[in-house]
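In what follows, a single structure is set out as structure tokens and then discussed.
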Amino acid sequence: MEMAADDSTADVRQRKKSNLSGKAETVQKAPSKETQKVGKSPKYVALQRFAELFFGCVVAVTCGMMYAVYLSAYHERKFWFSSRRELEKEITFQGDGAVYYSFYKDMLRASSFERGVFELAYNNKSVPLKTINAVQQLTLYPELIASALYQMSGSKGVVDPLHFYIGILFGLQGIYVTALFVTSWIMSKTWLAGVLTVAWFIINRTDTTRMEYSIPVRENWALPYFACQVAALTGFLKNNLNGPASSICYLIMSASTYTFIMMWEYSHYLLFVQALVLSLLDGLSMVHKDKVYEIHRMLHPR
């Protein structure tokens, strides 16, 4: 009887050991399946991020193009622009916008581009009995760039100079909207926020731009570059300091800041406010000090 009891206890122990070993095998097999799933997930995540980035970029460019087309159609419908004579078209450039456009016409009437620049640099027609550098004092760099593009692109005889001039401005406003889209996208990490930003800007366009009243004014040339600078600045603050994305944002930020300063005589006021806000954020330790140093070095190079 004792031998039979010993045999039964031995059988129970062997069964328990076999059950424990079976459970251990299942536990060991389970992580292998999870590791396989983890091995596939980075590719899936990368593909998902690429699709989101591609689709967001397409939506951003589409919003900019549609806004430029909308401005062109609205301007045509408001003034019946194409059916008017040239003088009547120029009258629609109210206020100082007409003065800026007159310098663009003077550049095209000059015998050469160099001669036109010389006449503007030594202008004795705008101010009586005084010779001034109209390019610097009136910030006529947009007119110089527009006239150079018109002559170099071979548009003479194909596109009217006036339509070429306002076409550049409509295109810049499209870039303006795209930059706002990208800024909101970077901050919220979803391109749907960019769509809402564009919608808000279009609804409140009368309070945010003078594009509908006087096209050639300086801020219509300058603010698109400032929007690009803000988008690049946002990306620079969000990314790693030594990463490739941060370097690209820094280059875009530098180029757009320089262009913004050239296009508008009041640009330094906005840049001062921007530098002050960055200093406050640095004081509150909300941004990286090295990034703030790089931004200030870009804004105030030695």
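The values are calculated or read from the model by the stated rules, or taken from the named source; none is laboratory data. All of these numbers come straight from a predicted model, not from anything done at the bench. A quick note on method: Cβ atoms are made from the backbone with ideal geometry, for glycine too, and the neighbour counts reach across all protein chains shown. Side chains are part of the model used for accessible areas, which takes the heavy atoms of the whole protein and leaves out ligands, DNA and RNA. Shrake-Rupley method; radii C 1.70, N 1.55, O 1.52, S 1.80 Å.
Worth a mention:
- The residue among 167, 181, 224 whose Cα reaches farthest toward the positive pole of the charge dipole of the chain, with charges on the beta-carbon of Lys, Arg, Asp and Glu, is 181.
- Within a Gaussian network of the chain (alpha carbon springs, distance under 10 Å), most fluctuating of 169, 53, 129: 129
- Sum of -39500 (n - 2.57) over DSSP H runs of 4+, divided by residues of the chain (222 nm, nearest 500): -26500 deg cm²/dmol
- Nearest 10 degrees, 0 to 90: helix 191-203 Cα axis against the chain principal axis: 30 degrees
- For the range 126-171, alpha-carbon Rg over 2.2 N^0.38 Å: 1.42
- In the range 207-266, Rg over Rh equals 1.11, where Rg is the alpha-carbon radius of gyration and Rh the Kirkwood radius from pairwise Cα distances.
- Per residue, the average separation of C-alpha pairs within less than 8 Å and at least 6 apart gives the chain a relative contact order of 16 percent.
- Overall Cα dimensions of the range 255-295, principal axis frame, Å, largest first: 33, 18, 10
- Folded to 0 to 90 degrees: helix 267-283 orientation relative to the chain principal axis, Cα: 30 degrees
- In degrees, nearest ten, helix 161-188 long axis to first principal axis of the chain (Cα): 30 degrees
- From the alpha carbon centroid of the range 180-197 to that of the range 198-212 is 17 Å.
- Radius, Kirkwood style, for the range 149-302 when every pair of distinct Cα atoms is counted (Å): 17.0 Å
- Accessible area expressed per residue, the chain, with surrounding protein chains retained (probe 1.4 Å, Å²): 63 Å²
- For the set 43/189; 78/105; 105/156; 43/238; 105/125; 238/289, the pairs lying more than 22 angstrom apart at their alpha carbons are 78/105; 43/238.
- Kirkwood-Stokes translational diffusion coefficient of the chain, alpha-carbon pairs, 20 °C, 1.002 mPa s, µm²/s: 89 µm²/s
- Whole-Å distance, taken between Cα centres, linking the range 247-302 and the range 61-130: 31 Å
- Using the Cβ-Cβ distance between residue 247 and residue 96 with R0 set to 51 Å, the FRET efficiency works out to roughly 0.85.
- As a ratio to 2.2 N^0.38 Å, the alpha-carbon radius of gyration for the range 172-225 is 1.17.
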